[in-house]
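Just below is one structure, and these are the notes that go with it.
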Amino acid sequence: MKFTKAAFGDALRAQLVHSYEPRRLARWAYRSYLDHANDLEPGLYEEIMKVATMEEGPEFELSAEEIKCIVKNLVES
């Protein structure tokens, strides 16, 4: 069964409600990728990596608003 953009978006929204901590969100996103690497909907890898790369340094961090925009785009796609 494919891991869809909408499913990732919903899960990311739930993580964001829990708290906005870039490092935690990045690690969560990467774990999500590892859990579903063989079942990703086309285009989802790039969206997951936008979040996962936040752990690489402050220059890669997305604001809470930017993540909310990603969620909206994923859920609506």
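To keep it simple, each residue is scored yes or no on (1) touching a helix residue (DSSP H, G or I) at 6+ places or on another chain (Cβ under 6 Å); (2) surrounded by fewer than 17 Cβ atoms within 10 Å (Cβ to Cβ); (3) of a type in the set (Asp, Glu).
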residue	(1), (2), (3)
Asp35	no, yes, yes
Leu40	no, no, no
Glu46	no, yes, yes
Val51	yes, no, no
Glu55	yes, yes, yes
Ser63	no, yes, no
Asn73	no, yes, no
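What pairs can you find where one residue is in region 8-28 and under 18 Å from Lys72 (Cβ atoms), the other is among the aromatic types (Phe, Trp, Tyr), and their Cβ atoms are less than 7 Å apart, with a gap of 6+ or different chains?
Pairs that qualify, where the first residue is under 18 Å from Lys72 (Cβ atoms) and the partner is among the aromatic types (Phe, Trp, Tyr), are Gln15/Trp28.
Which ones in region 1-10 are farther than 14 Å from Cys69 by Cα and surrounded by 11 or more Cβ atoms within 10 Å (Cβ to Cβ)?
Scanning region 1-10 gives Lys2, Phe3, Thr4, Ala7.
Taking region 20-33 as the region of interest, how many residues are more than 14 Å from Phe3 (Cβ to Cβ) and surrounded by fewer than 16 Cβ atoms within 10 Å (Cβ to Cβ)?
The qualifying residues number 5.
Since every read-out is calculated from the coordinates, none of them should be taken as a lab result. Just so it is clear, the structure is predicted and the values come from calculations on it, not from any experiment. With ideal geometry, Cβ positions are generated from the backbone for all residues, glycine too; neighbour counts draw on all protein chains shown.
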